[in-house]
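Structure first, commentary second.
The values are calculated or read from the model by the stated rules, or taken from the named source; none is laboratory data. Just so we're clear, the structure is a prediction, and the values are computed from it rather than from any experiment. Note: ideal-geometry Cβ built from the backbone for every residue, glycine included; neighbour counts use all protein chains shown.
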Amino acid sequence: MNRSVEGSMTRNVLTAGALISMITPRLSADCGPPPSSCDAFATAGLVFYGEVVEATYHSDYVGPDGVVSSTGHQDVRFNVLRAFKSAKSGVFGGTFRMDSEAVRFTKGNRYLVFASQRDGQWFTACGRTSEILFPLKPEEIEELKELDACRKQPLTR
């Protein structure tokens, strides 16, 4: 093989490898298995089932080429359909931190939200927050029932 072609291929492979190594930690951050519903309930500051009324994403930065960062925050208004902890039925609005492990909220979709607050923002990363499609599946109905039971248990933490 021609040395200049071989050198070019080597540089391309090294460049690709460097790029992959730079983004891999964000793509493969290991949260481990999700905690049980009651453990997640006990450690979360906010738990509810609700529908997103409005969601606006604010990027941490926009690069010179116009590429928007994948980190930032999202201002979200929910219609809380079932409140479990630190929320009431009706409208709830909050700012949620967005990173590689956070759940991104979409207007019109329903979510079971488990969040913790820090520096005025809610965090959902590495928790049990998940989108819930309607109609609810039997396992989702069971989780909502389990959360009712968790709420009635004394906190041991």
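Please go through the range 134-155 and pick out each residue that is modelled with pLDDT under 90 and either within 14 Å of A40 (Cβ to Cβ) or aliphatic (A, V, I, L, M) (or both).
Start the filter on the range 134-155 by keeping residues that are modelled with pLDDT under 90, which leaves 134-136, 151-155.
Residues satisfying the conditions are L136, R151, Q153, L155.
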For the range 135-155, pairs from a residue that is of a type in the set (V, I, T) to a residue that is loosely packed, with under 14 Cβ neighbours inside 10 Å and at pLDDT below 90, with Cβ under 7 Å and 6 or more apart or across chains, are none
Reported set for the range 55-95 where residues are β-branched (V, I, T) and loosely packed, with under 13 Cβ neighbours inside 10 Å is T56, V62, V67, V91
Checked against (1) surrounded by 14 or more Cβ atoms within 10 Å (Cβ to Cβ); (2) touching a Lys or Arg at 6+ places or on another chain (Cβ under 8 Å); (3) within 19 Å of F41 (Cα to Cα), M98 satisfies every condition except (3)
- Looking at F114, is it over 18 Å from L81 (Cβ atoms), surrounded by 15 or more Cβ atoms within 10 Å (Cβ to Cβ), at pLDDT 90 or above and assigned by TED's automatic domain parsing to the domain that holds K85? no
Only one of (1) at pLDDT below 90; (2) surrounded by 11 or more Cβ atoms within 10 Å (Cβ to Cβ); (3) part of a loop (DSSP other than H, G, I, E, B) does not apply to I23, and that is (3)
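Within the range 73-110, work out how many residues are part of a strand (DSSP E or B) and either more than 18 Å from the chain's Cα centre (by Cα) or more than 25 Å from V62 (Cα to Cα) (or both).
So the first thing to find is which residues in the range 73-110 are part of a strand (DSSP E or B), and the list is 73-85, 90-98, 110.
From what is left, the residues that are either more than 18 Å from the chain's Cα centre (by Cα) or more than 25 Å from V62 (Cα to Cα) (or both) are 78-85, 90-93, 110.
Of the residues in that region, 13 qualify.
Can you tell me which residues in the range 117-149 are outside any loop (DSSP other than H, G, I, E, B) and within 15 Å of Q74 (Cα to Cα)?
Taking the range 117-149 first, the residues outside any loop (DSSP other than H, G, I, E, B) are 117-118, 121-123, 130-131, 138-149.
Q117, R118, Q121, W122, F123 - these are the residues of the range 117-149 that are outside any loop (DSSP other than H, G, I, E, B) and within 15 Å of Q74 (Cα to Cα).
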